[in-house]
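Take a look at the structure set out below.
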Amino acid sequence: MHRLTTGNRRFARFVAVLAVFACATAAIAATGQGRTDRAMTPRSTQATTTITFAHWASSTVETQLLRQVLDAFKKRNPTIKVNELVLDPYPTQMLARFAARKSPDVFYVDSNVFPDWLKQKLLEPLNPMVKRTHFKTNKFFPRLLNAFKQGSTIYGFPKDWSPLGMEINTSMLAKVNGKPPTNWSQLRSLAQKLKSANAVPGGRPLCLDPDWARLLAFVYQNKGSFLNANKTKATVNTGAVRDAVNFYVGLIKDGLAGTHDQLGVGWCGEALGKEKAAVIFEGNWLLPYMQDTFPGVGYKTYILPKGKTRGNLGFTVSYSMSRFSTHKKAAWKLLSFLTGKTGMRIWTSKGLALPARNDVKPVAGRGQLLQAAGYSHPWQFAPGFADVMTIAGNELQSVIKGSESVSTMLSKIQSAAQQALAGG
């Protein structure tokens with residue numbers, strides 16, 4: 001075997017050291033290069049989901065407030081883009097979009113049209129999302145939430161609400177040393193005192209309209225209703241409804257109340273503002289109107305007088321989701337924020353509506369109205385009742401004009417209601 005000389009051995013060791021050094025340098029370079037490549041590679045951005053939100057616009061102030069709520073949602077959910085859609089006339093345009101399978105993901109549903117839209121299977125059941133996200137439903141006033149349920153299935157959450165209140169001109173009340181009436185008898189007695197004292201010159205003590213959206217509160221107070229509890233039978237032509245109508249219409253016929261037309265104004269809120277009526281029955285929407293339009297008129301809001309029982313109407317609207325939405329997860333994030341504590345607090349902060357949640361405080365002056373949460377009935381009937389209420393409104397006007405009897409009116413409405421329930 002060939003043996004290495006001392007010089008050769010030294011040279012071999014030197015070559016070996018160089019080889020090891022070269023390998024180590026290459027490894028370090030490779031590692032550094034990897035780090036550099038990763039550092040220079042841009043991070044992939046999260047995909048943005050776009051959903052559509054539809055609503056109607058009642059006023060500029062309301063629209064601006066709604067956009068504040070949407071801005072708050074966008075800050076918390078930067079990967080969800082919300083396209084806002086303002087529709088007018090709302091129900092017509094919504095139904096057209098449903099028919100074209102171009103419905104928005106989240107939208108308003110008035111309690112009055114909810115039975116029809118539910119029957120047409122346009123709304124997404126929300127229970128699975130409620131369960132998955134642990135969304136608390138017990139914070140909503142039960143009667144309002146029930147307006148958007150079928151059995152135990154929830155199809156929407158109320159965004160706000162208002163019952164009717166009794167608003168009284170304080171100076172006119174003082175003229176007769178009167179007290180706010182707490183029952184029907186006291187209401188009629190106060191109206192008679194106001195009339196006798198001419199406390200409402202050029203007007204009437206009360207403003208009452210030919211509108212079942214006012215009269216029906218008195219029907220509920222008299223333990224009457226348009227439908228039975230299961231909404232399977234019309235109960236219009238009954239003694240409870242008849243007596244309530246006779247009381248309401250009797251105030252007008254006896255000169256103790258007038259319709260807004262008779263008082264020469266656009267609605268009863270204007271009658272209070274122009275001091276054409278001392279007592280009216282309107283909801284939360286009256287308060288900002290009076291503050292903006294008639295700030296100098298003194299009045300107070302009280303709960304409705306009691307009949308045989310407490311009764312009132314609850315006007316409410318839900319946020320619901322389309323059954324055809326392709327972005328249900330993102331849509332639920334928006335819907336649950338809008339009806340959650342934060343979203344509802346922003347939405348009701350100006351007093352334009354009352355919170356539908358018991359953990360959101362209303363603005364000052366709404367305490368009397370909130371008392372009705374436990375006994376208000378949703379402004380809602382059954383599928384196909386839009387035409388029934390049109391008939392009912394026309395018949396009520398005929399009764400007030402004296403061209404038709406109460407009994408004839410109730411008989412006609414009963415027939416129309418029963419036909420609607422039968423599906424025809």
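The values are calculated or read from the model by the stated rules, or taken from the named source; none is laboratory data. Since we're looking at a predicted model, the values are computed, not measured. Here Cβ is always computed from backbone atoms with ideal geometry, including for glycine, and neighbour counts include all displayed protein chains. The area values use the complete protein model at the heavy-atom level, side chains included, leaving out ligands, DNA and RNA. Shrake-Rupley method; radii C 1.70, N 1.55, O 1.52, S 1.80 Å.
Can you give the accessible area of residue 152 in Å² (nearest 10), computed on protein heavy atoms with a 1.4 Å probe?
Probe radius 1.4 Å; accessible area of residue 152 about 90 Å².
How high is the relative contact order of the chain, in percent, with contacts defined as C-alpha pairs under 8 Å that are six or more residues apart?
Values: 662 pairs, mean separation 101.8, N = 424.
The value is 24 percent.
Any idea what the relative contact order of the range 115-257 is, in percent, if you count C-alpha pairs under 8 Å spaced at least 6 apart? Walk me through the intermediate numbers first.
Values: 104 pairs, mean separation 22.9, N = 143.
Contact order relative to length: 16 percent.
Roughly speaking, what is the stretch gain from residue 100 to residue 261, that is 0.36 nm per residue apart minus the C-alpha to C-alpha distance, in nm to one decimal?
On the way: separation 161, 0.36 × 161 = 57.96 nm, distance 4.11 nm.
So the extension gain works out to 53.9 nm.
Angle, helix 239-253 long axis vs. longest principal axis of the chain, Cα atoms, 0 to 90°, nearest 10?
For 239-253 against the chain, the angle is about 70 degrees.
Simple spin-label model, 7 Å along Cα-to-Cβ: residue 398 to residue 411 in nm?
Result for the modelled spin labels: 1.1 nm.
Just to be sure I understand: with springs between alpha-carbon atoms less than 10 Å apart, which residue in 205, 180, 89 has the highest mean-square fluctuation in the Gaussian network model of the chain?
Between 205, 180, 89, it is 89 that shows the largest mean-square fluctuation.
Can you give the accessible area of residue 132 in Å² (nearest 10), computed on protein heavy atoms with a 1.4 Å probe?
Residue 132 exposes around 130 Å² with every protein chain in place.
Can you tell me the orientation of helix 184-196 relative to the chain, as the angle in degrees between its alpha-carbon axis and the longest Cα principal axis, to the nearest 10?
60
Note down the magnitude of the dipole of the range 69-109 about its Cα centre, charges +1 on Lys and Arg C-beta and -1 on Asp and Glu C-beta and zero elsewhere, to the nearest 20 debye. Could the numbers behind the result be given before it?
Values: 7 positive and 4 negative charges, 44 e Å.
The dipole of the range 69-109 has a size of about 220 debye.
Angle between the Cα long axis of helix 385-401 and the longest principal axis of the chain, 0 to 90 degrees, nearest 10?
Its long axis makes an angle of about 30 degrees.
Among (i) 77, 53, 46; (ii) 86, 54, 45; (iii) 138, 51, 33, which one is Cα extents along the principal axes in Å computed from these coordinates?
(iii)
In debye, nearest 20, what is the charge dipole magnitude of the chain about its Cα centre with +1 on Lys and Arg Cβ and -1 on Asp and Glu Cβ, if you could check? Can you show the working numbers first?
Working: 54 positive and 24 negative charges, 526 e Å.
Using only the charged Cβ atoms, the result is roughly 2520 debye.
If the chain between residue 306 and residue 361 were fully stretched, how many nm would it gain, using 0.36 nm times the residue separation less the Cα-Cα distance?
On the way: separation 55, 0.36 × 55 = 19.80 nm, distance 2.58 nm.
So the chain would gain 17.2 nm between residue 306 and residue 361.
If I take R0 = 30 Å and measure r between the Cβ atoms of residue 253 and residue 182 in this structure, what FRET efficiency does the formula 1/(1 + (r/R0)^6) give, to the nearest 0.05?
Working: r = 24 Å, r/R0 = 0.80.
Once rounded, the FRET efficiency stands at 0.80.
Enumerate the amide H contacts of residue 148 below 5 Å, restricted to partners 5 or more residues apart or on another chain; note that Pro and chain-start residues carry no placed amide H.
Residues meeting the criterion, in which the H sits 1.01 Å from N, do not exist here.
Residues of the chain: accessible area per residue at 1.4 Å, in Å²?
Working: 20970 Å² over 424 residues.
Each residue of the chain exposes 49 Å² on average to a 1.4 Å probe.
Roughly what % of DSSP beta bridges within the chain run antiparallel, to the nearest 5? Please list the in-between numbers first.
On the way: 24 of 41 bridges.
Bridges in the chain are about 60 percent antiparallel.
Taking θ as phi - 60°, what are the ³J(HN,Hα) couplings along the range 124-141 by the Karplus curve (6.51, -1.76, 1.60), each to the nearest whole Hz, with x for Gly and Pro?
With the stated coefficients, the range 124-141 comes to 7, x, 9, 3, x, 6, 4, 5, 5, 9, 6, 6, 7, 8, 7, 8, 8, 4 Hz.
Taking H as built 1.01 Å from N, whose amide H comes closer than 5 Å to the amide H of residue 165, not counting residues under 5 places away?
282, 283
Roughly how much of residue 50 is accessible, in Å² to the nearest 10, using a 1.4 Å probe?
My reading of the accessible area for residue 50 is about 60 Å².
Provide the per-residue ³J(HN,Hα) series for the range 313-329, in order, calculated from phi with Karplus coefficients 6.51, -1.76, 1.60 and θ = phi - 60°, each as a whole number of Hz, with x at glycine and proline positions.
10, x, 8, 9, 9, 9, 9, 10, 10, 6, 4, 9, 4, 9, 10, 5, 5
Just how far, in whole angstrom, is the range 313-362 from the range 369-400 if you go by their alpha carbon centroids?
Using only Cα atoms, the two centres lie 24 Å from each other.
Relative contact order for the range 285-401 using alpha-carbon pairs under 8 Å, separation at least 6, rounded to a whole percent? Don't jump to the answer; show the numbers that get you there.
Numbers: 70 pairs, mean separation 37.5, N = 117.
That works out to 32 percent.
Could you work out what % of the accessible surface of the range 203-352 is carbon and sulfur, using a 1.4 angstrom probe and leaving DNA, RNA and ligands out of the count?
Working: 2530 of 5470 Å².
The C+S portion of the solvent-accessible surface of the range 203-352 is 46 percent.
Calculate one ³J(HN,Hα) per residue across the range 60-66 by plugging θ = phi - 60° into the Karplus curve 6.51 cos²θ - 1.76 cosθ + 1.60, and present them in order as whole Hz with x for glycine and proline.
Whole-Hz 3J(HN,Hα) from phi for the range 60-66: 5, 4, 5, 5, 4, 5, 4.
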